[in-house]
Every structure is written in structure tokens, then in C-alpha cells.
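Q: A single structure is presented below for examination.
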Amino acid sequence: MAENRRSRTWLWVLIGGGAFFLFVLAVFTLVYLAMHAGGNESSGLHGFGDKIGVVDLEGVILEPKTVVEELKKFADDDSIKAIIIHVNSPGGGVAASEEIYREVKRIRDEKHKRIVSSIETVGASGAYYVSSATNKIYADNGSVVGSIGVIAEWVNYGDLLRWAKLKPEILKVGKFKDTGDPTREMTPEERAYMQSLIDNMYGQFVNAVADGRHAKVEDIKSIADGRVLTGEQALSLHLIDQVGDFEAAVDDTAKSVHISGKPVLVHPEKDRKSVLDLLFGDVSQYLPTKEKLLDQETGFFYLWK
């Protein structure tokens, strides 16, 4: 009996040890595959060789914190030889775009680290504002570029309220405090006040692009009427520097910082999936998008719509 118990004990030890070995092997395999997925791309600051940081600027720009932090991390890391902003955005909030622009300009002028923009499908308005501060802008022939201008819009539903026999009540101090109230028409004085704000923001946009592109303000102003251009058209107007896709931007940037061969592309580490994500899968389709949130947000935007 004792011998049988010892045999069973050793059997369970062998089974447990084998299971543990297989588990460790599986974990190392997953880590290896994750680190080597995409050839010369990696997440975080792992890997060896000369590295180029890649920061994605995607969708409507409503908050700058994430992109600014990613840029700062790459700027302060000596193993990152250059930064590419991969742009696919129609722009967004005025202040949010400006904050990212300032960080890009700081990296270029104070950190003296090469930073370029590669525009994919769209790099318009606030996204172009950000791109203009880089050392070089790449775009495809068919990319949508430009849209230098400012917009503020909202829906006036005053007639609907009156039809429903609803009457808004507003208490205020200051005659301009409820300017833009969607339940009534603006007065001529309010309209002039709002236009003065937009004109000021427009001037900031034009001056920033002129400074970033090392161009004359008058030259930028002549094409800063809100129009969008193709990459091909933008090249002839010196709004971009080179027609080329993301891979061309990578190769050219690598050469400019004296990287021989293919560089390691480093992306910021993404938030790890929570237990809820693993249990319920991707629930993003049920959440409001930035575009939907924007429709309900009153403000001033460097945005192509």
C-alpha cells in the first residue's frame, strides 16, 4: 500500500511538473511572438538596435494628454534616434491641437531630436497644425491636407422649444455670458464678439504654421481659407515636403539620423486588457465615439468636417 501511495505521489509530481513546464513554455512563446510581431516593430522600449519612435495621431483631437506624454517619453529616451507622428486625423479642439503642437516644436527646437509627420488618409486642420511643427512632412498623393481655418457651430432649437411650449430660463451676470445659447438667435453684438474670438484663433493658426514651415505669414494666409488639398497639390504649395507613404518616411528618416539598415520601430505601450475585456470582448462599438461626443460639445475647433 505504501509503495502504491509513493507511486501515485510521484505520478502527480510528474504531471504537475509537466503542466508547469508547458505553462512556462507557452508564456515565453507568447512573449516571443508579441515582441517579434510585425518584423521590425515592437511595443514599449524593448529590443536592440537603432530605434525610431512612432506616435499615432488618429481621429478627432479632443484631449492632448496621451499624445503629449508619448512624445515626451520618446524625446527623453536617448535610444530613440527620431520620432515619426503617424497622422490620420481631421483635427479637433483648438487648445488640444495647440498643446500637441507646442510639444512637437519643443522636441524639434529644444531637444534637437528629429521629428517628422507622415500623413496617411487625412492630416487636416488641427492635425496639420501639429504636423507643421515637425522637421519634415510626408503625405501620399491622395492624402487630404490643409484646411487651415477655425469653426464653431451648434444647432439652434429655439423653434422646437416654442413648438413644444417650453421656455428656457437663464440667470446670468455679464451680457455675453450666454452667448451661443442654442435656444435663441445671437444678437449682432454677440455675433461680432464670437467672430473676434474666431479671428484671433485663426491668426494664431496661421502664425503657427508660418513659424513651423519657416514661411512668410502672407504666403500661408493666401491659402488659409479652410480649403483642403491633395498631397500632390500641397507639395506644390510647400505645405508638405515629400510625397511618400509611411514606409518611405521611415526609410528617409532613418537615413537622416544615420541609421544603417532597417530601424526598430517602437510604439508606445498600450493599456493592457482588463479582466472585463477578456470576459466580454471588445465593447467599443457600444461606446460613444469622439465624433459623437463632438456633436454635443460647444467649442472652437481646428477641424475639417
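The values are calculated or read from the model by the stated rules, or taken from the named source; none is laboratory data. Small disclaimer: the values here were computed from a predicted structure and weren't measured. Here Cβ is always computed from backbone atoms with ideal geometry, including for glycine, and neighbour counts include all displayed protein chains.
Q: Scan (1) surrounded by 22 or more Cβ atoms within 10 Å (Cβ to Cβ); (2) under 19 Å from VAL228 (Cα atoms); (3) without any contact (Cβ under 8 Å) to a residue 60 or more places away in the chain for the single condition ASN88 breaks and write down its number.
A: Looking at each condition in turn, ASN88 falls short on (1).
Q: Test LEU239 against the criterion of being at pLDDT 95 or above, within 27 Å of ILE198 (Cα to Cα) and assigned by TED's automatic domain parsing to the domain that holds GLU120, and give yes or no. I'd like the intermediate steps shown before the answer.
A: Values: at pLDDT 95 or above: yes; within 27 Å of ILE198 (Cα to Cα): yes; assigned by TED's automatic domain parsing to the domain that holds GLU120: yes.
Taking the combined requirement at face value, the residue satisfies it.
Q: Here is a further query. From (1) surrounded by 15 or more Cβ atoms within 10 Å (Cβ to Cβ); (2) modelled with pLDDT of 95 or more, pick out the condition that doesn't hold for LEU294.
A: Answer for LEU294: the failing condition is (2).
Q: So which of GLU69, GLU99 is out of contact with any Pro (no Cβ under 7 Å at 6 or more places or on another chain), farther than 16 Å from LEU239 by Cβ and surrounded by fewer than 21 Cβ atoms within 10 Å (Cβ to Cβ)?
A: Details: GLU99 fails: out of contact with any Pro (no Cβ under 7 Å at 6 or more places or on another chain).
Unique residue meeting the criteria: GLU69.
Q: For SER222, work out the one condition from (1) exposed (fewer than 15 other Cβ atoms within 10 Å of the Cβ); (2) under 18 Å from GLU120 (Cα atoms); (3) of a type in the set (Ser, Thr, Tyr) it doesn't fulfil.
A: In the conditions (1) exposed (fewer than 15 other Cβ atoms within 10 Å of the Cβ); (2) under 18 Å from GLU120 (Cα atoms); (3) of a type in the set (Ser, Thr, Tyr), SER222 misses (2) alone.
Q: Hey, does the stretch 144-167 have a residue that's aromatic (Phe, Trp, Tyr) and within 26 Å of ALA210 (Cβ to Cβ)?
A: At the first step, the residues of the stretch 144-167 found to be aromatic (Phe, Trp, Tyr) are 154, 157, 163.
From the residues that got through so far, the ones that are within 26 Å of ALA210 (Cβ to Cβ) too are none.
Within the stretch 144-167 (the criterion being aromatic (Phe, Trp, Tyr) and within 26 Å of ALA210 (Cβ to Cβ)), the answer is no, since none of the residues qualifies.
Q: A follow-up question, please. LYS262 - would you say it is assigned to a loop (DSSP other than H, G, I, E, B), surrounded by fewer than 17 Cβ atoms within 10 Å (Cβ to Cβ), assigned by TED's automatic domain parsing to the domain that holds ALA124 and of a type in the set (D, E, K, R)?
A: Numbers: assigned to a loop (DSSP other than H, G, I, E, B): yes; surrounded by fewer than 17 Cβ atoms within 10 Å (Cβ to Cβ): yes; assigned by TED's automatic domain parsing to the domain that holds ALA124: yes; of a type in the set (D, E, K, R): yes.
For LYS262, the condition - assigned to a loop (DSSP other than H, G, I, E, B), surrounded by fewer than 17 Cβ atoms within 10 Å (Cβ to Cβ), assigned by TED's automatic domain parsing to the domain that holds ALA124 and of a type in the set (D, E, K, R) - is met.
Q: Sort through GLU232, GLU169, GLU247 and tell me the only one that's without any contact (Cβ under 8 Å) to a residue 40 or more places away in the chain and under 31 Å from the mean Cα position of the chain (by Cα).
A: Working: GLU232 fails: without any contact (Cβ under 8 Å) to a residue 40 or more places away in the chain; GLU169 fails: under 31 Å from the mean Cα position of the chain (by Cα).
Only one candidate passes the filter, namely GLU247.
Q: In addition: From LYS167, LYS136, grab the single residue that is modelled with pLDDT of 95 or more and surrounded by fewer than 24 Cβ atoms within 10 Å (Cβ to Cβ).
A: Details: LYS167 fails: modelled with pLDDT of 95 or more.
Every option except LYS136 fails the conditions.
Q: Please specify each residue of the stretch 173-226 satisfying the condition of being closer than 25 Å to ASN135 by Cβ and assigned to a loop (DSSP other than H, G, I, E, B).
A: ARG213, HIS214, ALA215, LYS216, SER222, ILE223, ALA224
Q: Could you list, in sequence order, the residues of the stretch 220-229 that are of a type in the set (A, V, I, L, M, F, W, C) and within 22 Å of the chain's Cα centre (by Cα)? It would help to see each step written out before you state the result.
A: Filtering the stretch 220-229 down to residues of a type in the set (A, V, I, L, M, F, W, C) leaves 220, 223-224, 228-229.
Those that are of a type in the set (A, V, I, L, M, F, W, C) and within 22 Å of the chain's Cα centre (by Cα): VAL228, LEU229.
Q: So how many residues does the stretch 91-116 have that are in contact (Cβ under 8 Å) with a residue 60 or more places away in the chain and farther than 22 Å from SER147 by Cα? Let's see the steps before the verdict.
A: Let us first name the residues in the stretch 91-116 that are in contact (Cβ under 8 Å) with a residue 60 or more places away in the chain, namely 91-94, 97-98, 101, 105, 114, 116.
Still in the running and farther than 22 Å from SER147 by Cα: 114.
Qualifying residue count, the stretch 91-116: 1.
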